[in-house]
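Worksheet for the structure shown next.
Please treat every number below as a calculation from the coordinates, not as lab data. Predicted model, so just to flag it, every value in this text is computed and none were measured. Here the Cβ is made from the backbone with ideal geometry for all residues, glycine too, and neighbour counts use every protein chain on show.
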Amino acid sequence: MRKPVRNIVLAALLFITGVVSCAFAESIGEIDYSDPSSWAYFAEGDDNPADLFLICPTVDMGSEGNLNMDIANEELRASFTGALNMERGIYEEVTVMYAPFYRQMTFPVYEKMIAEEGRHLEIAYSDVEDAFLYYINNLNDGRPFILAGFSQGAQLALMLLEEYFDDEALQDRLIAAYCIGWKVSKEDLEKYPHLKMAEGEDDTGVIISFNSEAENIEASIIVPRGVRTLSINPLNWKTDSTYADRSLNKGACFTAYSGVVTSEIPALTGAYIDPERGTLRVMDVNPSDYSSPLFPDEVYHLYDYQFFFRNLQENVTIRTASWIEQHESLSLGNAS
């Protein structure tokens with residue numbers, strides 16, 4: 001079960017987290033996030049102006065029947081880091097990167113539609129929560145930062161936003177949260193009124209989210225039938241159903257586990273937001289070219305980042321510059 005939202009300062013949050021989770025940690029073990037080996041990325045990046053806290057998507061297929069990943073498994077750790085490397089090019093030009101290893105939920109948890117409740121979720125979230133609090137209290141040093149994740153990583157990032165970002169000092173340091181490949185609903189915003197969805201290309205302290213699928217898809221394990229998710233179009237940075245032509249697509253990039261771009265296709269596809277489902281409708285690709293055994297044809301979940309890679313990369317730079325400009329203006333105003 002989720003811990004309740006806490007409306008107190010972050011220092012007190014850290015203390016309470018330690019007390020509440022003590023018995024739980026004893027039963028499942030505890031990861032020492034003061035040890036750099038507990039991180040896939042630990043302070044990676046030169047003198048960049050912002051930080052990145054990046055949460056890995058699902059890489060453990062649960063082939064052993066397990067519902068949470070064993071982070072001591074070297075093969076899985078390599079896959080975990082490889083999945084992060086496929087995303088890092090979007091963020092690395094402007095950030096110092098941090099990405100914790102955590103006992104993520106395995107793919108069968110999502111297939112069984114039980115990814116939003118139960119012990120498997122608590123284990124994954126507890127690790128990410130511990131890593132985030134360690135980062136904020138020991139590594140961040142008051143710097144602006146981006147919170148980001150894809151798929152399961154986006155789900156857990158959203159949970160952090162819900163639980164901790166009603167703290168104004170923390171929210172003020174948030175450049176943006178890229179919660180791509182997971183649903184965000186109107187009900188989420190009503191329950192957690194401090195959450196704000198992006199409305200353009202340069203607003204800050206906001207959530208960027210979308211889920212890619214073909215025009216005929218009516219349900220997926222990410223956005224089930226009858227659910228409406230809130231989105232922004234990464235091609236025109238609008239939240240309505242305005243169609244963005246493929247000419248606005250600055251480059252789809254397909255990356256290896258090393259992070260190297262193995263193929264780049266400018267103007268691959270246009271997109272628009274479906275007014276009923278809220279998903280991002282992709283119409284200019286051949287479904288057979290982007291099929292996967294994990295998802296039905298035309299559910300393009302695995303390509304959310306890749307189809308819009310260069311647009312997202314540019315947007316990270318724009319939002320970071322926007323945050324810096326806003327805070328420099330505030331500093332000048334206070335000085336006068």
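Panel order for V59, V223, by other beta carbons found within 10 Å of each beta carbon, from fewest to most: V59, V223. Among L268, L147, L156, the largest mean-square fluctuation in a Gaussian network model of the chain, built with springs joining Cα atoms closer than 10 Å, belongs to L268.
Largest GNM mean-square fluctuation among G89, G251, G65, using the chain with Cα springs under 10 Å: G65. Listing Y192, Y33 from fewest to most neighbouring C-beta atoms within 10 Å gives Y192, Y33.
Every helix of 4 or more DSSP H residues in the chain counts as -39500 (n - 2.57), and over all residues that averages to -10500 deg cm²/dmol at 222 nm.
Within the chain, what percent of beta bridges assigned by DSSP are antiparallel, to the nearest 5? If I count the DSSP bridges inside the chain, around 40 percent turn out antiparallel.
Within the listed set P266, P144, P293, the residue fluctuating most in the Gaussian network model of the chain (springs between alpha-carbon atoms under 10 angstrom) is P293. As a ratio to 2.2 N^0.38 Å, the alpha-carbon radius of gyration for segment 30-335 is 0.94. Computed on segment 30-335, with alpha-carbon pairs under 8 angstrom and 6+ residues apart, the relative contact order is 17 percent. Net charge of the neighbourhood of D127, taken over other residues with C-beta under 12 Å away and scored Lys/Arg +1, Asp/Glu -1, is -4. Protection proxy ranking for 37-49, 272-284, using the average of other Cβ atoms within 10 Å per residue and placing the highest first: 272-284, 37-49.
With neighbour counts taken as other beta-carbon atoms within 10 Å, the residues I136, I90, I232 rank, fewest first, as I136, I232, I90.
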